[in-house]
């Protein structure tokens with residue numbers, strides 16, 4: 001049973017939205033199924049509710065203790081700004097943001113409501129909790145594309161796991177729940193993460209980047225193929241040995257590179273991830289190779305005359321002009 005939730009029937013944003021029931025709750029917020037009374041459509045509404053910092057009064061307003069007030073106010077501002085960035089991203093692999101508004105001394109994010117199930121639900125329904133290599137590949141490329149799209153806005157998801165990947169009715173994977181997402185490399189002292197999927201820099205409160213999401217993608221891919229997650233980063237740092245040697249190529253090399261404990265040794269971009277998938281031999285890391293000697297992907301012009309379909313149009317070369325929906329904030 002969810003605690004501290006808004007009652008069913010609560011009206012928000014000048015009676016535009018009616019809360020129907022909660023869909024889920026995490027460390028940073030509560031997501032509700034709601035109805036847009038003006039447009040007569042179902043929506044999902046995420047309420048920013050960092051439960052370690054606030055409580056709710058009888059009127060629904062969020063209350064922070066005096067010694068938590070400044071931290072909460074900073075977190076609200078950050079959530080609002082990151083919501084504005086997400087609203088500018090138009091990609092079929094990223095949940096659509098319709099509106100952002102303030103109420104109850106916090107911020108609400110109105111998003112598309114996706115029919116379907118999470119990737120976790122799908123895995124739980126499979127006999128061995130794992131997918132075929134063909135199914136894994138079919139999910140992998142759209143996820144790479146979606147991650148690259150948010151990375152171009154300097155947004156990092158930081159909580160990529162099967163629970164936060166929605167499989168829509170048309171079977172496309174969609175990134176959801178950006179409650180842990182950050183814009184830029186700095187991570188606040190108050191951050192939540194899923195230990196089984198978290199890279200070392202997130203756990204240790206160090207700077208994050210695209211490599212942090214690629215680490216989590218590697219964990220997800222390993223789980224899709226084997227039905228289990230590898231030892232977590234802290235365990236491996238403490239001496240637990242692990243290798244994806246049982247995987248077939250190109251998955252062995254891709255997972256191995258994505259799950260490097262050193263952030264600098266992981267892929268830095270979607271093009272590098274896809275290059276590994278296409279030619280893993282060029283990216284096999286030998287134990288005696290130091291970080292700066294790790295081979296980099298060849299220029300795209302040497303690999304392909306024209307980028308494959310899954311790199312168009314959302315992933316573009318750095319020198320190309322980005323599409324209109326990636327324009328900087330006004």
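Peptide packing: for 168-176, 144-152, the average count of neighbouring Cβ atoms within 10 Å per residue gives the ranking 144-152, 168-176, highest mean first.
Computed from label points 7 Å out along Cα-Cβ, the spacing between residue 61 and residue 40 is 3.7 nm.
Between residue 120 and residue 70, the modelled labels are 3.5 nm apart [label points 7 Å from Cα along Cα→Cβ]. When both segment 188-241 and segment 67-86 are represented by their alpha-carbon centers, they are found 25 Å apart. So, R0 is 45 Å and r is the distance between the beta-carbons of residue 20 and residue 281; what FRET efficiency does that work out to, to 0.05? After rounding to 0.05, the efficiency reads 0.30. Taking the number of Cβ atoms within 10 Å of each Cβ as an exposure proxy, the fewest-first ranking of 237, 3, 257 is 3, 237, 257.
Read-outs throughout are calculated quantities, based only on the coordinates presented, and are distinct from any laboratory measurement. These numbers were taken from a predicted model, which means no experiment stands behind them. With ideal geometry, Cβ positions are generated from the backbone for all residues, glycine too; neighbour counts draw on all protein chains shown.
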